[in-house]
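The values are calculated or read from the model by the stated rules, or taken from the named source; none is laboratory data. Bear in mind the structure is a predicted one, so any value in this text is a computation, not a measurement. Backbone-built Cβ (ideal geometry, glycine too); neighbour counts: all protein chains shown. These area figures cover heavy atoms from the full protein model, side chains too; ligands, DNA and RNA do not enter into them. Shrake-Rupley method; radii C 1.70, N 1.55, O 1.52, S 1.80 Å.
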Amino acid sequence: MIKPDAQIHISNLRLRTFIGFNESEKTNKQDVVINAWIHYPADQAYNTDDVENAVNYRTICKQMIAHTENNRFLLLEKLTADLLEICMSPSHVTFAKVEVAKPHALRFADSVSLTLSATRDK
């Protein structure tokens, strides 16, 4: 029997938040670009066609938006870890990875990004 692993990808979610420890970063919101990958076993979802058996990516995205826009962060590590925790919150998620990029954070670079991932034992 095939048990496919569903892979959701939230691609290039563009938000603004306070992130950084320099004075200008503490007083001015900056753009961040978020990518998230969420894996879960899809067999119950496609066998039942019931939303309760799937990962609700809309709910996760809304939580990510609210958390990012309503908080302040000194480090990319903190924001990324918080978003990873949101992605891992549904009990049937087996793996998640989150990348947060700060466009134009470095001169001559398009962006700086940090990626964190987590795996839940099955």
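Please give the number of the condition residue 98 fails out of (1) without any contact (Cβ under 8 Å) to a residue 60 or more places away in the chain; (2) under 17 Å from residue 31 (Cα atoms); (3) in contact with a strand residue (DSSP E or B) (Cβ under 6 Å, 6 or more places away or on another chain).
Residue 98 satisfies every listed condition except (1).
For every residue, the table says whether it meets (1) touching a Lys or Arg at 6+ places or on another chain (Cβ under 7 Å); (2) closer than 29 Å to residue 4 by Cβ; (3) modelled with pLDDT of 95 or more.
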{"site": "50", "(1), (2), (3)": "no, yes, no"}
{"site": "63", "(1), (2), (3)": "no, yes, yes"}
{"site": "79", "(1), (2), (3)": "no, no, yes"}
{"site": "108", "(1), (2), (3)": "no, no, no"}
{"site": "118", "(1), (2), (3)": "no, yes, yes"}
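Residues of segment 1-27 being among the charged types (D, E, K, R) and over 14 Å from the mean Cα position of the chain (by Cα), which ones?
3, 5, 16, 23, 25, 26
Can you list residue pairs whose Cβ atoms sit under 8 Å apart, with the first residue in segment 108-120 being under 21 Å from residue 30 (Cα atoms) and the second being assigned to a loop (DSSP other than H, G, I, E, B)? Count only pairs 6 or more apart in sequence or on different chains.
What qualifies is 110/104; 111/104; 111/105; 112/105; 112/106.
Kindly list, by first and then second residue, each pair from a residue in segment 18-43 that is closer than 14 Å to residue 88 by Cα to a residue that is assigned to a strand (DSSP E or B) and open to solvent by 80 Å² or more (accessible area, probe 1.4 Å), limited to pairs with Cβ atoms under 6 Å and residues at least 6 apart or on different chains.
From segment 18-43, the pairs are 37/9; 39/7.
Can you tell me which condition residue 16 does not meet? The list is (1) open to solvent by less than 40 Å² (accessible area, probe 1.4 Å); (2) in contact with a Lys or Arg (Cβ under 7 Å, 6 or more places away or on another chain), and all the others hold.
(1)
Please enumerate the residues belonging to segment 61-117 that are closer than 19 Å to residue 22 by Cα, of a type in the set (D, E, K, R) and surrounded by fewer than 16 Cβ atoms within 10 Å (Cβ to Cβ).
Scanning segment 61-117 gives 69, 72, 77, 78, 107.
What is the number of the single condition among (1) within 23 Å of residue 40 (Cα to Cα); (2) modelled with pLDDT of 95 or more; (3) in contact with a Phe, Trp or Tyr (Cβ under 9 Å, 6 or more places away or on another chain) that residue 71 does not meet?
(1)
Consider only pairs whose beta carbons are under 9 Å apart and that are at least six residues apart or on different chains; among these, list those whose first residue lies in segment 51-73 and is acidic (Asp, Glu) and whose second residue is open to solvent by 30 Å² or more (accessible area, probe 1.4 Å) and assigned to a strand (DSSP E or B).
69/16
If you scan segment 19-31, which residues turn out to be buried (at least 16 other Cβ atoms within 10 Å of the Cβ) and either in contact with a Pro (Cβ under 7 Å, 6 or more places away or on another chain) or of a type in the set (A, V, I, L, M, F, W, C) (or both)?
Correct list: 19 only.
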